[in-house]
Amino acid sequence: MNFLEERIIKDGIIKPGNVLKVDSFLNHQMDIELMAEIGREFKRRFADKNITKVLTIEASGIGIACFAAKEFGVPMVFAKKSKSINIDGDMYVAEVESFTHKNKNQVIVSKRFLTPEDHVLIIDDFLANGCALQGLISITESAGATVEGLGIAIEKGFQIGGRVIRNLGYHLESLAIVDAMDAETGEITFR
């Protein structure tokens, strides 16, 4: 069992509807030492890649992506879920559906921050159905940039997202893959 699986067992809460709450350490309140360890692990797993940017989607992926970007010594860019008055110029846009929030958002990245010269590591906290990752892949490829890999903290292995992304031929690394969880017993089975 790895460090993230141990933490999920210790502090994760399983809710009905296949929801795994990790908000006490990963995506609401953040355990900074754990985040640093996650960043180091992504650096280890993608050490052979020439990463020039780390890309994520707001909001829950930002903390993890920052620590990964720090390890690679590169900028971190996050796709915004809404256009604000301080975003100007041309943008890359993709529509993504959130498993957690049960809604669709258009996410945007300014064309100033992704170029054809970039080699991108896409990072997110969860992988369920893969919609967010597919949106970030679409944005990266629209920029003419290269997707070097995808790093996920927690993958729900019983949902289709991981299979879809791997079948598309991308290098996907998930730090913890949950194959089953039971809200009644609190039991989690990792791959």
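The values are calculated or read from the model by the stated rules, or taken from the named source; none is laboratory data. Just so we're clear, the structure is a prediction, and the values are computed from it rather than from any experiment. Don't worry about glycine lacking a Cβ; one is built from the backbone with ideal geometry, like all the others, and counts go over all protein chains shown. The protein model used for the area step is the full one, side chains on, heavy atoms only, and it has no ligands, DNA or RNA in it. Shrake-Rupley method; radii C 1.70, N 1.55, O 1.52, S 1.80 Å.
Which pairs have Cβ atoms under 6 Å, sit 6 or more apart or on different chains, and link a residue in the stretch 171-191 that is part of a loop (DSSP other than H, G, I, E, B) to one that is of a type outside the set (Phe, Trp, Tyr) and open to solvent by less than 30 Å² (accessible area, probe 1.4 Å)?
HIS171/GLY149; ALA183/ILE14; GLY186/ILE14; ARG191/GLY157; ARG191/ILE177
Given (1) closer than 30 Å to GLY144 by Cβ; (2) assigned to a helix (DSSP H, G or I); (3) hydrophobic (A, V, I, L, M, F, W, C), where does VAL74 come up short, assuming only one miss?
(2)
Take the stretch 1-45 and flag every residue that is within 23 Å of PHE158 (Cβ to Cβ), acidic (Asp, Glu), free of Cβ contacts under 8 Å to residues at least 12 places away in the same chain and in a helix (DSSP H, G or I).
GLU6
Looking only at the stretch 46-62, which residues are surrounded by 15 or more Cβ atoms within 10 Å (Cβ to Cβ) and in a loop (DSSP other than H, G, I, E, B)?
Answer for the stretch 46-62, where residues must be surrounded by 15 or more Cβ atoms within 10 Å (Cβ to Cβ) and in a loop (DSSP other than H, G, I, E, B): PHE46, LYS49, ILE51, THR52, SER60.
Restricted to the stretch 144-170, and to residues that are without any contact (Cβ under 8 Å) to a residue 24 or more places away in the chain and not in a loop (DSSP other than H, G, I, E, B), which residue is farthest from the chain's Cα centre (by Cα)?
Step by step, filter the stretch 144-170, then rank; the result is ASN167.
Taking the stretch 154-185 on its own, how many of its residues are over 24 Å from GLU37 (Cβ atoms) and either of a type in the set (S, T, N, Q) or surrounded by fewer than 15 Cβ atoms within 10 Å (Cβ to Cβ) (or both)?
12
So, in the stretch 64-108, how many residues would count as being among the hydroxyl-bearing types (Ser, Thr, Tyr) and modelled with pLDDT of 70 or more?
Counting residues in the stretch 64-108 that are among the hydroxyl-bearing types (Ser, Thr, Tyr) and modelled with pLDDT of 70 or more gives 2.
Would you pick out the residues in the stretch 109-153 that are over 27 Å from GLU37 (Cα atoms), out of contact with any Ser or Thr (no Cβ under 7 Å at 6 or more places or on another chain) and surrounded by 18 or more Cβ atoms within 10 Å (Cβ to Cβ)?
Across the stretch 109-153, the qualifying residues are VAL109, ILE139.
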